[in-house]
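The values are calculated or read from the model by the stated rules, or taken from the named source; none is laboratory data. Everything numeric in this text was worked out from a predicted model, so none of it was measured. When we count neighbours, we look across all protein chains shown, and the Cβ atoms used for this are built from the backbone with ideal geometry, even at glycine. Areas reflect the complete protein model, heavy atoms only, side chains present, ligands, DNA and RNA absent. Shrake-Rupley method; radii C 1.70, N 1.55, O 1.52, S 1.80 Å.
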Amino acid sequence: MDEDELQSLTLNPTPPNDPPPHPPPSILSIPPPIAPLPVPRSRTVTAVASDSDREGSLPPPRTDDYEISDESRLARERHEKAVQDLLMKRRAFAMAVPTNDVSVRARLRRLGEPVTLFGEREMERRDRLREIMLKLDSEGQLERLLKAHEEEQQAITVPAEDEGPQVYPFFTEGTQDLLDARMKIAKYSLVRAATRLERARRRRNDPDEDEETESMEVVRQAGELVLECSEIGDDRPLTGCSFSHDGTLLATCAWSGITKIWRMPQVSKQATLKGHTERATDVVFSPVDDILATASADRTAKLWKSDGSLLKSFDGHLDRLGRIAFHPSGKYLGTASFDKTWRLWDIDAGTELLLQEGHSRSVYAVCFHPDGSLAASCGLDSLVRVWDLRTGRSILAMEGHVKPVLGICFSPNGFRLASGAEDNTCRIWDLRKRKCEYTIPAHSNLISQVKYEPQEGYFLATSSFDTKAVVWSAQDFKPIKTLSGHESKVTGLDITADGQHIATVAHDRTIKIWSSRSNGKQKAMDIE
């Protein structure tokens, strides 16, 4: 066989119709295994298999597989809206808003909004700016508007030198008159405080001075108070009363808007003051002169002479007035109003010196420290706030009453403050400890007025709508005398400078004068 035939046989395969060649006899056939061999699977297949073999395993449900009721849908929408409102409030409080009113107006003008609305005040204007900025920020327009304005300003004006970040004062700038008044009050109070402290040291170190015995004698005399006189004061319920600084005159005011001046001790009418168009809410005599001030629901306070002639009218409050008080110097008048502010007025000029905010609800009463350095205010927010007139700062916010506070009074000792409220309690606050020293469960109805004995503060008196007035010891806060005689709500009281007489007025339209028996005996001895 030549090479060409051998190559052709090697390359050409065996024809399909030929039988297959038999295996060589040396190779034996292997029998099949009894059990199938395990086949390894991939991890993915194993995981899928294991998940599918698990009991109760189902594909995650879809919201399209079931219907949502209208109530559930509305509840979900309310929840989403509440969440959005909460997020908006958080963003609003986190947003930087100017505190200076001039800057607030400039920012509103920059955003193309009205600079001010009718009757809008500074804090309301700032809240409106916050809402506008938050709305623009949520719409993505705030940065664009501010950037466009800045570009316009840069294109019009020459850029000024970099003076650093501008710092806005977190206070309301006052007038020069207010600054002068603060200086005068500081000088006046320093002298008064030094005199009071020197007197206290002298009485403490002097062996002849026995303060405890003196206080017990005064308390004993207060326990002998009796009804000396009762007089019809007006055709309408009476709301307030005040003794003059020498105790020779008594002023009362009523719902009729009329204030009357009575000559003491006969309680004979001397003058009638007519000028208010609404009910009168309070009356107070000056501590140095025979002039008096009245407050009314017609949102004004008026200054009068004791003969009935009108001197000045203080207009400015936006709501009815509550209690009023003279500064110890007699040069300033404080008025509390239901517009949530109290104001300080210059008696001589008849102008407003200070508009003080700070209460969240209506302010009902205001009073001044005997030194003239501090003022206290109370209101329907159940708070008593103490203000430093020399700096304008709120130095104390005393919490404790659970209902509106209607009466406050500083003690002549300089470190105690009494407050009466609608929760029927009278609280004694220690200004040195900055907390409540004692709580007197004084009456069975709200307390309308509280007053300290003006000379030494050895006792205090409270009036209430339970038709009674009660005298309390300022040492142990025990009741000394209950003044019962009115047939209706007792709305006000006052104590003479010597502490021998107490006047009370009520809705039964009567004035009642309570006098000490010791004072009557002394007068009888003087006559003899």
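Residues in the range 419-439 that are open to solvent by 30 Å² or more (accessible area, probe 1.4 Å) and either in contact with a helix residue (DSSP H, G or I) (Cβ under 7 Å, 6 or more places away or on another chain) or in a strand (DSSP E or B) (or both): R427, K435, C436, E437, Y438, T439. Flag not set for E231, criterion: in contact (Cβ under 8 Å) with a residue 40 or more places away in the chain, surrounded by 14 or more Cβ atoms within 10 Å (Cβ to Cβ) and in contact with a helix residue (DSSP H, G or I) (Cβ under 7 Å, 6 or more places away or on another chain).
Answer with yes or no whether R416 is surrounded by fewer than 20 Cβ atoms within 10 Å (Cβ to Cβ), under 24 Å from the mean Cα position of the chain (by Cα) and of a type in the set (K, R).
The answer is no for R416.
Looking at the range 498-509, can you tell me whether even one residue there is open to solvent by 50 Å² or more (accessible area, probe 1.4 Å), among the basic types (K, R) and either touching a Ser or Thr at 6+ places or on another chain (Cβ under 6 Å) or in contact (Cβ under 8 Å) with a residue 12 or more places away in the chain (or both)? Please lay out each step first, then the result.
Start the filter on the range 498-509 by keeping residues that are open to solvent by 50 Å² or more (accessible area, probe 1.4 Å), which leaves 498, 509.
Pick out the ones that are also among the basic types (K, R) and you get 509.
Applying the additional criterion that residues be either touching a Ser or Thr at 6+ places or on another chain (Cβ under 6 Å) or in contact (Cβ under 8 Å) with a residue 12 or more places away in the chain (or both) yields 509.
Among the residues of the range 498-509, at least one is open to solvent by 50 Å² or more (accessible area, probe 1.4 Å), among the basic types (K, R) and either touching a Ser or Thr at 6+ places or on another chain (Cβ under 6 Å) or in contact (Cβ under 8 Å) with a residue 12 or more places away in the chain (or both), which makes the answer yes.
Quick check on the range 370-386: of everything there that is in contact (Cβ under 8 Å) with a residue 60 or more places away in the chain and not small (G, A, S), which residue is nearest to R299 (Cα to Cα)? Top of the filtered list is P370. Does the range 162-176 contain at least one residue that is open to solvent by 90 Å² or more (accessible area, probe 1.4 Å) and at pLDDT 85 or above? Yes: the range 162-176 contains one or more residues that are open to solvent by 90 Å² or more (accessible area, probe 1.4 Å) and at pLDDT 85 or above.
Residues checked against (1) at pLDDT 95 or above; (2) open to solvent by 20 Å² or more (accessible area, probe 1.4 Å); (3) over 14 Å from I513 (Cβ atoms); (4) in contact with a Lys or Arg (Cβ under 7 Å, 6 or more places away or on another chain):
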position	(1), (2), (3), (4)
C241	yes, no, no, no
A254	yes, no, yes, yes
I261	yes, no, yes, no
Q266	no, yes, no, no
Q270	no, yes, yes, yes
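Within the option set T277, T335, being among the β-branched types (V, I, T) and either out of contact with any Leu (no Cβ under 6 Å at 6 or more places or on another chain) or not in a strand (DSSP E or B) (or both) holds for one residue only, T277.
In the condition set (1) touching a Ser or Thr at 6+ places or on another chain (Cβ under 7 Å); (2) open to solvent by 10 Å² or more (accessible area, probe 1.4 Å); (3) modelled with pLDDT under 95, D476 is compliant with all but (1). Taking (1) farther than 24 Å from S360 by Cα; (2) at pLDDT 85 or above; (3) open to solvent by 50 Å² or more (accessible area, probe 1.4 Å) in turn, G112 satisfies each apart from (2).
When the range 343-353 is filtered for residues that are open to solvent by 20 Å² or more (accessible area, probe 1.4 Å) and touching a residue at least 24 places away in the same chain (Cβ under 8 Å), the ones remaining, listed by number, are D346, A349, G350, T351, E352. Where strands (runs of 3 or more DSSP E) fall wholly inside the range 286-328, the ranges with 2 or more residues that are open to solvent by 10 Å² or more (accessible area, probe 1.4 Å) are 300-305, 310-315, 321-326.
Listed conditions (1) buried (at least 19 other Cβ atoms within 10 Å of the Cβ); (2) in a strand (DSSP E or B); (3) at pLDDT below 95 are all met by D282, apart from (3).
Selection of the range 329-342 for residues being hydrophobic (A, V, I, L, M, F, W, C) and open to solvent by less than 20 Å² (accessible area, probe 1.4 Å) yields L333, A336, W342.
Only residues that are of a type in the set (D, E) and surrounded by 24 or more Cβ atoms within 10 Å (Cβ to Cβ) were counted in the range 440-465, giving 1. The set of residues from the range 376-396 being buried (at least 18 other Cβ atoms within 10 Å of the Cβ) and on the phi > 0 side of the Ramachandran plot comprises just one member, S382. Out of the strands (runs of 3 or more DSSP E) lying entirely within the range 187-254, which hold 2 or more residues that are under 37 Å from the mean Cα position of the chain (by Cα) and not aromatic (F, W, Y)? Qualifying strands (runs of 3 or more DSSP E): 238-243, 249-254.
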